[in-house]
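What follows is calculated from the coordinates using simple rules that are stated; it is not laboratory data. Computed from a predicted model, the values in this text were never measured in an experiment. When we count neighbours, we look across all protein chains shown, and the Cβ atoms used for this are built from the backbone with ideal geometry, even at glycine.
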């Protein structure tokens with residue numbers, strides 16, 4: 001898989017509220033309003049006040065951190081170098097979803113009319 005290009009239009013994520021976090025043995029599914037979802041198969045990071053708090057390589061240890069984003073809305077998004085998706089939420093916390101250039105998918109973003117697999 002190729003990294004997500006920095007100029008990818010993800011404006012459909014703006015304002016979406018996280019309503020459900022589903023934790024599997026090897027993946028995480030984040031479900032937002034308006035049928036938007038993000039499936040994460042690789043690592044995630046958590047930033048608070050701009051400072052990196054933790055990096056999680058697997059889903060189960062990340063569960064408590066991910067649930068802290070429930071009922072929060074995306075206020076800003078960006079695609080950083082190396083394909084990292086950065087989501088800033090209304091609670092002033094940031095979730096980083098990392099791209100791994102191995103042969104497996106790192107994450108997928110879906111909406112009613114769009115599907116992006118990275």
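The set of residues from region 52-75 being out of contact with any helix residue (DSSP H, G or I) (no Cβ under 6 Å at 6 or more places or on another chain), in a strand (DSSP E or B), in contact (Cβ under 8 Å) with a residue 12 or more places away in the chain and within 20 Å of residue 25 (Cα to Cα) comprises just one member, 55.
So, residue 66, is that one surrounded by 12 or more Cβ atoms within 10 Å (Cβ to Cβ) and within 14 Å of residue 10 (Cβ to Cβ) or not? In short, no. Per this entry, residue 102 is counted among residues that are more than 10 Å from the chain's Cα centre (by Cα) and either closer than 24 Å to residue 2 by Cβ or outside any loop (DSSP other than H, G, I, E, B) (or both). Restricting to region 69-81, count the residues that are in contact with a strand residue (DSSP E or B) (Cβ under 8 Å, 6 or more places away or on another chain) and surrounded by fewer than 16 Cβ atoms within 10 Å (Cβ to Cβ). Count: 6.
Scanning region 81-118 for residues that are within 14 Å of residue 8 (Cβ to Cβ) and free of Cβ contacts under 8 Å to residues at least 12 places away in the same chain returns 86, 115.
With respect to the conditions (1) closer than 19 Å to residue 79 by Cα; (2) in contact (Cβ under 8 Å) with a residue 24 or more places away in the chain; (3) assigned to a loop (DSSP other than H, G, I, E, B), residue 9 lacks only one, and its number is (2). When the residues of region 21-51 are filtered to those that are in a strand (DSSP E or B) and without any contact (Cβ under 8 Å) to a residue 40 or more places away in the chain, which remaining residue is surrounded by the fewest Cβ atoms within 10 Å (Cβ to Cβ)? Across region 21-51, the extreme among qualifying residues is 51.
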